[in-house]
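Each remark here refers to the structure printed beneath this line.
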Amino acid sequence: MSDLKLYSLNKSAVTLVKTQFTDFEALVAIRIEAMSESLKRLGRFDPIRVRERFREGFTPEFTRYIEAFGERVGFVVVKPYIDGMLLDHLYIKPGAQGMGIGSVVLRHIFMEVDAIGLSLKVGALKESASNRFYSRHGFQFVESSEFDNYYVRHNGQSGLGGY
């Protein structure tokens with residue numbers, strides 16, 4: 001998979017860039033930065049656990065950096081899952097949130113998943129702003145667990161942030 005320029009945003013391209021095993025520490029740092037506020041609010045912030053959980057499922061072939069404004073501002077992981085695809089991670093650093101970068105990335109992911117005719121599943125930490133983000137982009141609530149909400153977007157479905 002080669003680097004992919006997605007969209008111009010304020011005269012800066014949003015680009016997805018492939019990762020490799022040696023990117024693990026940089027990816028964990030982005031994950032911790034992006035998740036810490038939500039986890040602290042729930043009293044569940046533990047950087048060691050955040051690192052371990054990411055390591056358990058880390059697959060560089062499904063992981064891409066998100067670059068915008070000339071820097072790495074996040075990453076996304078989309079991988080095969082039972083009867084569809086799983087948006088396993090989508091993290092944008094707090095300083096780059098609210099600029100439309102996540103929406104640009106989601107639109108691209110939707111095009112990829114729609115092209116292969118599959119649904120897209122995602123989980124979001126309860127109390128996280130990501131729940132509103134996913135709902136706004138056409139994901140439908142499916143169920144809840146103790147700490148997470150789960151959503152699905154069926155093939156070809158659009159939302160406010162859709163195409």
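Points worth noting:
- Spatial offset of region 97-163 relative to region 47-68 amounts to 19 Å, using the alpha carbon center of each.
- Relative protection proxy for 87-99, 135-147, from highest mean packing down: 87-99, 135-147 (other beta-carbon atoms within 10 angstrom).
- From phi via Karplus (6.51, -1.76, 1.60), per-residue ³J(HN,Hα) for region 89-94 in Hz, x at Gly/Pro: 8, 8, 10, 10, 4, x
- Whole-Hz couplings from phi, Karplus 6.51/-1.76/1.60, listed for region 105-115; x for Gly and Pro: 5, 4, 4, 5, 4, 4, 4, 4, 5, 4, 5
- Interchain or long-range residues, amide H under 5 Å from Asp88's placed H: Val77, Val78, Lys79
- Summed side-chain charge close to Leu27 - residues other than Leu27 whose Cβ falls under 13 Å, Lys, Arg +1, Asp, Glu -1: +4
- Built amide H within the under 5 Å cut-off of Ser119, gap 5+: Met85, Asn155
- Rounded to the nearest Hz, the phi-derived 3J(HN,Hα) couplings of region 50-64 under the Karplus curve 6.51 cos²θ - 1.76 cosθ + 1.60 (θ = phi - 60°) are 4, 5, 4, 5, 5, 4, 4, x, 5, 9, x, 5, 10, 10, 9, where x marks glycine and proline.
- Computed extension gain for Val142 through Ala26, at 0.36 nm per residue and net of the alpha carbon distance, reaches 38.6 nm.
- Check: region 66-163 dipole with +1 on Lys, Arg Cβ and -1 on Asp, Glu Cβ, in debye: 220 debye
- Backbone N within region 73-110 under 14 Å of label point (7 Å from Leu118 Cα along the Cβ vector): 77-89, 109-110
- Efficiency of FRET from Cβ geometry, Arg55 and Asn155, R₀ 30 Å, rounded to 0.05: 0.45
Read the figures in this text as sums done on the coordinates, not as results from a lab. Note that the structure is a prediction, hence the values are computed from the model and not measured. Every residue, glycine as well, gets a Cβ built from its backbone with ideal geometry; the counts of neighbours run over all protein chains shown.
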